[in-house]
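A quick write-up on the structure given underneath.
The values are calculated or read from the model by the stated rules, or taken from the named source; none is laboratory data. Predicted, not measured: the structure shown is a model, and the values here were computed from it. Here Cβ is always computed from backbone atoms with ideal geometry, including for glycine, and neighbour counts include all displayed protein chains.
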Amino acid sequence: MLFLFGFMLLMGAVDSLNPSTIIVLVLLLGMLENVNRVAIYVAGIWIVYFVGGIAVFTGFSTVGGYLAEQFALIPDYVLYGLEGLLGIGLIVFGMLEWRKHSGQKQVTKSLGVSTWALIVLGAGGTLGDLPTAIPYLGFIAKMTEMGVPLLQGIGFLIGYCLVYIFPLLLLWGLYVKFQNQIKDKTESIVRRIESTSRTIMFAFGGIAGAILMFDAVLFFFGIPVRW
């Protein structure tokens, strides 16, 4: 389980570099009358990720055996063809992340936002930002492959979701501590966060996609690689 714990930390860290949720958090810190209410926004994100993870994990566990039997019947050329397409998709995903540009936003006044609005903002944004769920689904698939029991799997999902929201909690804490010094630098922080996360996602998509494409091409040339 040590490997799975490390895999959880790695995938959670990659997944946590979500520019959408981080930028919204930074903007909320500059907009809300009471900055501590961003905890509601973060809670909405955590709840959706955790509940969604349980739903996917229990679904995988229920139909995993049947899918494994059906998977074994799929011809190799189909699997490697899909692998190649997935590789292309990851490369395209990385390129799209790289080309994203954040619009310059200025906050001119503090706002009072209702509790439900903050929950919906966090939950809805998490549901809508589907590309960033790729590491999460990969981690859940790895748990299913390793036959992790349900209760233990729930524990891992709790840990993963905590890793996912850790950058948000860290930014919140730093903002509260250094609010007077950094309030005027909100836009600069947003740009730096987006630039760093975009670079990491570009590298992740490009490298992973290239490996998958290379493996598929070797198969079709008659020299499959046994990993």
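The figures follow:
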quantity	calculated
Subset of region 1-42 [small (G, A, S), touching a helix residue (DSSP H, G or I) at 6+ places or on another chain (Cβ under 7 Å) and closer than 22 Å to I134 by Cα]	G12, A13, S16, S20
Residue match in region 1-11 (condition: in contact with a Pro (Cβ under 9 Å, 6 or more places away or on another chain) and either farther than 19 Å from A117 by Cβ or modelled with pLDDT of 85 or more (or both))	yes
Cβ-Cβ under 7 Å pairs, at least 6 apart or on other chains, region 1-23 side farther than 15 Å from G138 by Cβ, far side part of a loop (DSSP other than H, G, I, E, B) and modelled with pLDDT of 90 or more	none
One residue from F139, F156, F166 being more than 17 Å from F3 (Cα to Cα), outside any loop (DSSP other than H, G, I, E, B), in contact with a helix residue (DSSP H, G or I) (Cβ under 8 Å, 6 or more places away or on another chain) and at pLDDT 75 or above	F166
Looking only at region 12-48, and only at residues there that are among the polar types (S, T, N, Q) and not in a helix (DSSP H, G or I), the one that is farthest from W172 (Cα to Cα)	N18
